[in-house]
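Working notes, beginning with the structure itself.
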Amino acid sequence: MKSFALLLCALGFLTAAAEREGNFNIRFEPTAKLQTGVQVPFEIHIKDALSQPLLDAKVTLQIETPAHEHMKVFPAPAVAAGVYVAKPVFPEAGEWNVYVEAYRSDQMSARMIQFNVPE
């Protein structure tokens, strides 16, 4: 049992060492009317800790209800320097948590905003 606990601690340290806070400034908003059943483009602007556009990052946008239902992740490819676009499809009306993660090298930052999707 002790060796299992030590293994879990070591795994935690390795995970923490492998990824650190990127201090990225993440801003995002829909560029079309929020609605259900269609792709709604979200434009994501990301700057690094020096306020320069974040290049070569892996960016994803995740949607889910506040009750953690209907969770789905959408890729957000780059469309310009520091600008990424994801196109989630909201399956139903209501409150939705929209969560963006940006990874570059061993750095990661995230931001979540809640949106109301009308019927």
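The values are calculated or read from the model by the stated rules, or taken from the named source; none is laboratory data. Every value quoted in this text rests on a predicted model; they were computed, and no experiment measured them. With ligands, DNA and RNA removed, areas are computed over all heavy atoms of the protein, side chains included. Shrake-Rupley method; radii C 1.70, N 1.55, O 1.52, S 1.80 Å.
Quick notes on this one:
- Built amide H within the under 5 Å cut-off of Leu54, gap 5+: Ile46, Lys47, Asp48, Gly82
- Per residue, the accessible area of the range 46-93 comes to 57 Å², computed with a 1.4 Å probe over protein heavy atoms only.
- The accessible surface of the range 52-119, taken with every protein chain in place and a 1.4 Å probe, is 52 percent carbon and sulfur.
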